[in-house]
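Q: Questions regarding the structure given below will be posed in turn.
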Amino acid sequence: MPNADEELRRLKAVLEIPSGQEWEAAVRLLLRLMGEDPTREGLRRTPLRVKRSLQFLTSGYRRDPAKILNRSFAKVKHDEMIIVKDIDFYSLCEHHLLPFFGKCHIAYVPDKKIIGLSKLPRLVDAFAHRLQVQERLTTQVAEALNEHVRPLGAACVIEASHLCMMMRGVEKQNTRAVTSSMLGAFRTSEKTRAEFLTLIRSSLAA
Ligand SMILES: [Zn+2]
């Protein structure tokens, strides 16, 4: 993205931000724009804290899903559905930079190759720790599993609460959004899809 680099250079020049101080300066500017005084006691360390917090919450850009999934396959005869449900996740909506969070349920039907179960929560975090919309997060998890593990089918269902809806007084106070992505056998076989949905039903909100 050459244009993004160019814009960053221009912004830094306009704001006269010294190198290495970009995050802190940007947060101090935001505090000023809110009508706050960034030099008062309670806010003095806030720019540094916000920087660390945002860097952690967007660390997924530096995680490679291929690397998470490509190691340590086990060869098996197993071709029954494998489900990992109730994976807690926290993400930031790209429209408001406010959190959305909830549960992620993942399933796949292996094609003689299985992966360690602990890889799946790490895969979810790799995508959740980016600026996201729930629909894309759901699709990216299912597609990464499909691409790097090559199962007979991969599926992801996410249910989440969005603070941008809850805090800003939009009418949908208590609703949770549910999104799903079904690939391979989960798309072509109604029976496989139904089995998955039945097995996660107890986890989905009543
Ligand atoms: Zn939002």
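The values are calculated or read from the model by the stated rules, or taken from the named source; none is laboratory data. Since we're looking at a predicted model, the values are computed, not measured. So basically every Cβ, Gly included, is an ideal-geometry build from the backbone, and we count neighbours across all protein chains shown.
Q: Quick one: in segment 40-80, which of the residues that are among the aliphatic types (A, V, I, L, M) and modelled with pLDDT of 95 or more is nearest to residue 197 (Cα to Cα)?
A: 57
Q: Testing residue 120 on (1) hydrophobic (A, V, I, L, M, F, W, C); (2) in contact with a Cys (Cβ under 9 Å, 6 or more places away or on another chain); (3) outside any helix (DSSP H, G or I), one condition comes back false. Which one is that?
A: Failed condition: (3).
Q: Name the residue, out of 113, 75, 103, that is basic (Lys, Arg) and either at positive phi or surrounded by 15 or more Cβ atoms within 10 Å (Cβ to Cβ) (or both).
A: Result of the check over 113, 75, 103: 103.
Q: Taking residue 169 and the conditions (1) within 16 Å of the ligand (Cβ to nearest atom); (2) surrounded by 14 or more Cβ atoms within 10 Å (Cβ to Cβ), which numbered condition does it fall short on, given that it satisfies the others?
A: For residue 169, the failing item is (2).
Q: If residue 69 meets every condition in (1) assigned by TED's automatic domain parsing to the domain that holds residue 142; (2) outside any helix (DSSP H, G or I) apart from one, which number is that one?
A: (2)
Q: Which one is nearest to the chain's Cα centre (by Cα), of the residues in segment 85-115 that are within 23 Å of residue 154 (Cα to Cα) and within 16 Å of the ligand (Cβ to nearest atom)?
A: 91
Q: Tell me which residues, restricted to segment 159-187, are of a type in the set (Ser, Thr, Tyr) and free of Cβ contacts under 8 Å to residues at least 24 places away in the same chain.
A: Matches in segment 159-187: 175 only.
Here's the yes/no breakdown for (1) among the basic types (Lys, Arg); (2) out of contact with any Gly (no Cβ under 7 Å at 6 or more places or on another chain); (3) more than 23 Å from residue 98 (Cβ to Cβ):
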{"residue": "123", "(1), (2), (3)": "no, yes, yes"}
{"residue": "133", "(1), (2), (3)": "no, yes, no"}
{"residue": "136", "(1), (2), (3)": "yes, yes, no"}
{"residue": "154", "(1), (2), (3)": "no, no, yes"}
{"residue": "200", "(1), (2), (3)": "no, yes, yes"}
